[in-house]
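Trainee: One structure, as structure tokens, below. Some questions next.
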Amino acid sequence: MSDTSRKVAVVTGGSRGIGKGCVLALAHQGYDVVFSYVSNQAAALDVENAVKSLGREAAGIQSDVSDPNAAQSLVDESMNRFGRVDVLVNNAGITRDTLMMRMKDEDWQRVIDTNLSGAFYMLRAASKVMMKQRSGSIVNITSISGIYGNPGQANYSASKAGMIGLTKSAAKELASRNITVNAVAPGFITTDMTEGFDGEKIAEHIPLKRLGTPEDIAHAVVFLVTSGNYITGQVLQVDGGLVL
Ligand code: NAP
């Protein structure tokens, strides 16, 4: 029997940016957190320590979401350490932006493999556990690019649009087991991914006149997993009012 007094979240790509924001916000809400990263071990250790200083347990695990076996192992690791998976945040994502005519096969494939296939592998592994628990909440971090498209991002917006279809199908498939599946679609958020963007210029086109923060996205994720019991299959745009 799993310890139902414990709440456990798995976050992919939790070492930096939006994923880190989600890990810390969930720890504030009383979750123990297992999170993945690929290369930045020092950043992952910092996040682990930050969670521990909030009085929760954390495990940062090097695990590439685009590898189905690694995705399964991440869920297995959460089960071995904590015995449950209550929340999955599919956050890990990359860009390889360029115009289509210049886009190499590997730029297309790497983005699809990480953003879309990675989310599927994690969702498949975590939902098996959640189905047995008869409860769970999954949030997929998509993007406004996946709703409206964006020049130079054919690979990225296709992967993010795919995540929206995945969200809606999974929501219908898992609802009878009391598992919700939703997506959060951020606009422009200040992280390493948007480093080099002209923030001031972009902010002029955003009704709320600023770029978002990782915490802005984490608040939406926390809302969905803590108060969204009757919300499933939805895409919540968190973009300061921006429409591409
Ligand atoms: P980021 O700052 O670049 O951080 C990416 C995180 O994902 C890092 O923790 C990285 O680990 C991890 N990661 C990358 N590839 C991975 C893989 N194959 N397996 C496991 N982890 C992997 O990105 P971000 O801006 O926070 O973006 C997070 C999510 O939000 C992405 O899905 C992105 O598409 C989405 N999003 C971002 C924005 C934005 O404006 N920033 C807007 C819309 C949507 P390492 O530290 O080891 O590299």
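The values are calculated or read from the model by the stated rules, or taken from the named source; none is laboratory data. None of the values given here were measured: they were computed from a predicted structure. Reconstructed Cβ throughout: ideal geometry from the backbone, glycine too, with neighbour counts over all protein chains shown. Just the protein is used for accessible areas: all its heavy atoms, side chains included, with ligands, DNA and RNA removed. Shrake-Rupley method; radii C 1.70, N 1.55, O 1.52, S 1.80 Å.
Trainee: How large is the helix-only mean residue ellipticity at 222 nm for the chain, computed as the sum of -39500 (n - 2.57) over DSSP H runs with n ≥ 4, divided by its residue count, in deg cm²/dmol to the nearest 500?
Mentor: On the way: 9 runs with 109 residues, N = 244.
Roughly -14000 deg cm²/dmol at 222 nm, from the helical runs in the chain.
Trainee: Leaving ligands, DNA and RNA out of it, report the carbon-plus-sulfur percent of the accessible area of the chain at a 1.4 Å probe. Let's see the in-between values first.
Mentor: Working: 5790 of 11590 Å².
Carbon with sulfur: 50 percent of the solvent-accessible area.
Trainee: Using the beta-carbon distance between Ser73 and Thr213 and R0 = 30 Å, what value does 1/(1 + (r/R0)^6) give for FRET efficiency, to the nearest 0.05? If you can, show how the numbers build up before the last one.
Mentor: Numbers: r = 31 Å, r/R0 = 1.05.
Efficiency for this residue pair is about 0.45.
Trainee: With a 1.4 Å probe and all protein chains left in place, how much accessible area per residue does region 180-244 have, in Å²?
Mentor: On the way: 3570 Å² over 65 residues.
Counting only protein heavy atoms, the per-residue value for region 180-244 is 55 Å².
Trainee: Check the straight Cα-Cα distances from Lys52 and name the lysines below 20 Å, setting aside those fewer than 8 residues away within the same chain.
Mentor: Qualifying lysines at Cα under 20 Å: Lys7, Lys20.
Trainee: Just subtract the alpha-carbon distance of Val243 and Glu204 from 0.36 nm times their residue separation and send over the number in nm, one decimal. Walk me through the numbers before you get to the answer.
Mentor: Details: separation 39, 0.36 × 39 = 14.04 nm, distance 1.26 nm.
Full extension from Val243 to Glu204 adds 12.8 nm.
Trainee: Mind giving me the FRET efficiency for Lys52 and Ser2? R0 is 25 Å, r the Cβ-Cβ distance, nearest 0.05 is fine. Show your work: numbers first, answer last.
Mentor: Values: r = 22 Å, r/R0 = 0.88.
Given R0 = 25 Å and the Cβ-Cβ separation, E is 0.70.
Trainee: Continuing with the same structure: Aspartates and glutamates near Lys209 by alpha-carbon distance under 12 Å, same-chain residues fewer than 8 away left out - which ones?
Mentor: Glu200, Asp239
Trainee: How charged is the neighbourhood of Tyr156? Take every other residue with its Cβ under 9 Å from the Cβ of Tyr156, and add Lys/Arg as +1 and Asp/Glu as -1.
Mentor: Working: positive: Arg96, Lys160; negative: Asp97.
The answer is +1.
Trainee: Moving on to the next point. Quick one: net charge of Thr114's neighbours, Cβ under 13 Å, K/R +1, D/E -1?
Mentor: Details: positive: Arg96, Arg110, Lys160; negative: Asp64, Asp67, Glu106, Asp107, Asp113.
Here the charged neighbours net out to -2.
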